[in-house]
Amino acid sequence: MTAVSEAMPVYAPEMDAEAFVSVPERLQQLAAAQPDKPAVYDETGMLTWRQFVDNVNRVANRLRAAGLQRGETVAGLSENSARYLTLFMGTLTAGGCMVPLSGMAAGETLALMVNDCDARFLFVSAKHRDLIEPLLDGLDNIDESTRISLDFQADGWLAFEDWLGDPATDAPDHTPSLDDPFNIIYSSGTTGVPKGILHDHRLRARQLERVAALGYDDTAVNLVSTPLYSNTTLVSVLPTLFGGGTIVSMAKFDAHRFLELAEQHRVTHAMLVPVQYQRILAEPDFDRFDLSSFKVKFSTSAPLRAHVIADAMARWPGNILEFYGLTEGGVTTTLNCAENPTKWATVGKASPGCELRIIGEDLKELPAGEIGEIVGRSGAMMRGYYKREDKTSELLWTSPEGEVFYRTGDMGRLDEDGFLSVLDRRKDMIISGGFNVYAEDLEKVLLKDDDVVDAAVIAVPSEQWGETPLGLVVLREGAEGDLEAIRERANQQLGKGQRLSGLERRDELPRSTIGKILKRELRDPYWKDLEQSKRD
């Protein structure tokens, strides 16, 4: 675990090491200060702060007794639960680095992740057992003594309670430093070999400086319905714990169950992705639930459409803050929806401490209004891609002033007020007849149509133009489905070079577990057919 954490530079400004309070230290303080307050709810029950932290310490002491050294990695493959959250915090408390794995990854990719991060221990839930078992013989550092089942009994696995035993509930003698690794989060395995994004305690401490400003104090009740392997989830869970609030954990998102839990627990905070907003607001019983306890809701991972914001602001108590950024850090923008009702088509302005720029193909900065790649730097920037210094170097852009920014791979533009519009992934941009076409612009037009409830625009081969925009739409229930009429209505609102060459209907669009449309999955069949025809 030392190669990246020691070799890669940290681009963020220095922090006061003496004032630094780590997450493990803060947990111990809170268990002493509010032992009987609820810390975590899941479908199995509730843990008080004292119970939760005692369990965290037991896991930490057992990991250390089993030989876990400072900075070494522990991998987990599980849906959300109090036990999984305990394992995460226990790993940090032991001085380790947590690697939450995605159950969305294909088998070979999952094995690659476990081996790539040098995992010393692997914890797996019953839900993911069938996914991992065919891979066990190919895991470099994992054997029957370090392979632990979180919630099932089976040959070849150590049951969690049997592995845990009865260690002390006192906190181990370990104090993290700012430079110690915190977690590794793997980039999506759907677009090639995933990269391990290494966060240290410095990055997390920078993020936690915003706790009070976002209302994450000891009165916060956060309903968590996105998975722990996503940074989207962690930037909400960690402030809740650090502020002394309460986590309500969902193992699997369900819109109706979300509303039930929100009313039952008087939820104040929730981090959601756009597709969850759509499904919750579409629930027939939505208006029957008492959601008056909500103070703020957050959105990230994909643009939250203006019409969804309008619906939520009208019907769902509490403000909405939309975030845009990278798991790698660097770029962070915030849209305060209550304060900026005319900017709902953007993702907001650079957050405090973030510097944002737009650069062109020649890597030179562009003025407001021009489209280019978004780059940014802030106090929260990853340590690097684990064991991938070459990929880390590709991410960097150095300004004329000598400051290091992270390249996002997203195309965007800044308006005259400094608000950012994100148009497309650079690799997803459509180049039709030599002109750049941004799918986001076309998707916004399609989603204005009363018959369309979801839309994606992709590049498909064209003999005339090289590639051309194709719209894929999900229609509302009861819509007549006249795709040509929808296409004509959309093209009337688009420029000549933007117009959709066709529309196809889909029952649903493929999405990751955090709501991002999997555009490569949508594009591949069209381009594979072209490649096959060339070979034939």
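The values are calculated or read from the model by the stated rules, or taken from the named source; none is laboratory data. Because the structure is a prediction, the values reported are computed rather than measured. All Cβ positions, glycine included, derive from the backbone under ideal geometry; neighbour counts span all protein chains shown.
Some points to look at:
- Output for region 465-481, where each listed residue is surrounded by fewer than 19 Cβ atoms within 10 Å (Cβ to Cβ), in contact with a strand residue (DSSP E or B) (Cβ under 9 Å, 6 or more places away or on another chain) and more than 13 Å from Leu447 (Cβ to Cβ): Trp465, Gly466, Glu477, Ala479, Gly481
A quick yes/no check of all residues on (1) of a type in the set (Gly, Ala, Ser); (2) over 26 Å from Val211 (Cα atoms); (3) surrounded by fewer than 20 Cβ atoms within 10 Å (Cβ to Cβ):
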| residue | (1), (2), (3) |
| --- | --- |
| Leu281 | no, yes, yes |
| Asp311 | no, yes, yes |
| Gly348 | yes, no, no |
| Cys354 | no, no, yes |
| Asp362 | no, yes, yes |
| Glu373 | no, yes, yes |
| Ser378 | yes, no, no |
| Met381 | no, no, no |
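- Test for Met104: is it outside the structural domain of Glu521 (by TED's automatic domain parsing), out of contact with any Phe, Trp or Tyr (no Cβ under 7 Å at 6 or more places or on another chain) and either assigned to a helix (DSSP H, G or I) or closer than 25 Å to Arg26 by Cβ (or both): no
- Residues that are within 30 Å of Leu281 (Cβ to Cβ), under 21 Å from the mean Cα position of the chain (by Cα) and free of Cβ contacts under 8 Å to residues at least 60 places away in the same chain number at least 1 in the following strands (runs of 3 or more DSSP E) confined to region 315-397: 319-325, 332-336, 372-377.
- Test result for Gly165, at positive phi and surrounded by fewer than 18 Cβ atoms within 10 Å (Cβ to Cβ): yes
- Every pair of residues 6+ apart whose Cβ atoms lie under 7 Å, when the first sits in region 29-41 and is not assigned by TED's automatic domain parsing to the domain that holds Ala82 and in a helix (DSSP H, G or I) while the second is among the β-branched types (Val, Ile, Thr) and surrounded by 13 or more Cβ atoms within 10 Å (Cβ to Cβ): Ala31/Val53
- Only one of Leu500, Leu494, Leu530 that is of a type outside the set (Gly, Ala, Ser), more than 25 Å from Met104 (Cα to Cα) and at pLDDT 90 or above: Leu500
- Conditions (1) under 30 Å from Gly384 (Cβ atoms); (2) modelled with pLDDT of 95 or more; number of the one not met by Pro9: (2)
Results for (1) surrounded by fewer than 21 Cβ atoms within 10 Å (Cβ to Cβ); (2) in the same structural domain as Met104 (by TED's automatic domain parsing); (3) hydrophobic (A, V, I, L, M, F, W, C), shown as yes or no for each residue.
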residue	(1), (2), (3)
Glu443	no, no, no
Lys448	yes, no, no
Leu483	yes, no, yes
Lys496	yes, no, no
Ser501	yes, no, no
Asp507	yes, no, no
Leu518	yes, no, yes
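- Pairs, first within 24 Å of Ser301 (Cα to Cα) in region 176-189, second of a type in the set (Val, Ile, Thr) and at pLDDT 95 or above, C-beta under 7 Å, six or more apart: Asn183/Val99; Ile184/Thr73; Ile184/Val99; Ile184/Ile197; Ile185/Ile197; Ser187/Ile197
- Criterion applied to Tyr406, Tyr385 was being out of contact with any Leu (no Cβ under 6 Å at 6 or more places or on another chain) and either closer than 30 Å to Leu112 by Cα or not β-branched (Val, Ile, Thr) (or both), and the one residue passing it is Tyr385.
- If the condition is being in contact with a Gly (Cβ under 6 Å, 6 or more places away or on another chain), within 23 Å of Tyr186 (Cα to Cα) and either of a type in the set (S, T, N, Q) or buried (at least 23 other Cβ atoms within 10 Å of the Cβ) (or both), then region 48-83 contributes only Val74.
- If you check Gln264, Gln278 for being under 20 Å from the mean Cα position of the chain (by Cα) and over 30 Å from Val99 (Cβ atoms), only one passes: Gln278.
- Looking only at region 57-96, and only at residues there that are under 24 Å from the mean Cα position of the chain (by Cα) and among the β-branched types (Val, Ile, Thr), the one that is farthest from Pro227 (Cα to Cα): Thr93
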